[in-house]
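Asker: This structure is in structure tokens; I'll ask about it shortly.
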Amino acid sequence: PSGVIVDSSGNIYVADFSNHRIRKITPAGMVSTFAGTGIRGYADGTGTTAQFYYPAGLAVDSSGNVYVVDHGSHRIRKITPAGVVTTFAGTGTKGFANGDGTKAQFNNPTGVAVDSSGNFYVADSDNHRIRKIEYKVP
């Protein structure tokens, strides 16, 4: 495991780095695969149809969405409480470029955090930077 968070309901989420999955542990101790096939790759989808490429850091927002640093795919992924996985930020090509959401580039990111205003902070490891993704009112 490489990352762990707890949501407001007491569920624990674990980034299972080498197994390419996000695991969920309920307050009652039930362990399940929340997202990821277990096969290294990249695919959006629901629950165990989605793929991750070395998931690392995790964050959770006030709506219960879980954000995953997908280290090997150079992306930040979002998982809704219903288990729908989408790409939140990153092109999938390693590099350094600012831009909205999926136009930004990261280089082996390792951590993510969200503040009370909904802004995100990404540890962009191989670019040696902390990057900020600003919340914009839709």
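Asker: Could you check the stretch 61-78 and list, in sequence order, the residues that are closer than 14 Å to residue 42 by Cα and either in a strand (DSSP E or B) or acidic (Asp, Glu) (or both)?
Answerer: Answer for the stretch 61-78, where residues must be closer than 14 Å to residue 42 by Cα and either in a strand (DSSP E or B) or acidic (Asp, Glu) (or both): 68, 69, 70, 75, 76, 77, 78.
Asker: Go through (1) modelled with pLDDT of 95 or more; (2) surrounded by fewer than 17 Cβ atoms within 10 Å (Cβ to Cβ); (3) closer than 23 Å to residue 135 by Cα one by one and return the number of the condition residue 68 breaks.
Answerer: (2)
Asker: Starting from residues that are crowded, with 19+ Cβ neighbours inside 10 Å, among the small types (Gly, Ala, Ser) and assigned to a loop (DSSP other than H, G, I, E, B), keep the ones in the stretch 88-138 and report whichever is farthest from the chain's Cα centre (by Cα).
Answerer: 104
The values are calculated or read from the model by the stated rules, or taken from the named source; none is laboratory data. Everything numeric in this text was worked out from a predicted model, so none of it was measured. No Cβ is skipped: glycine too gets one built from the backbone with ideal geometry, and neighbour counts run over all protein chains shown.
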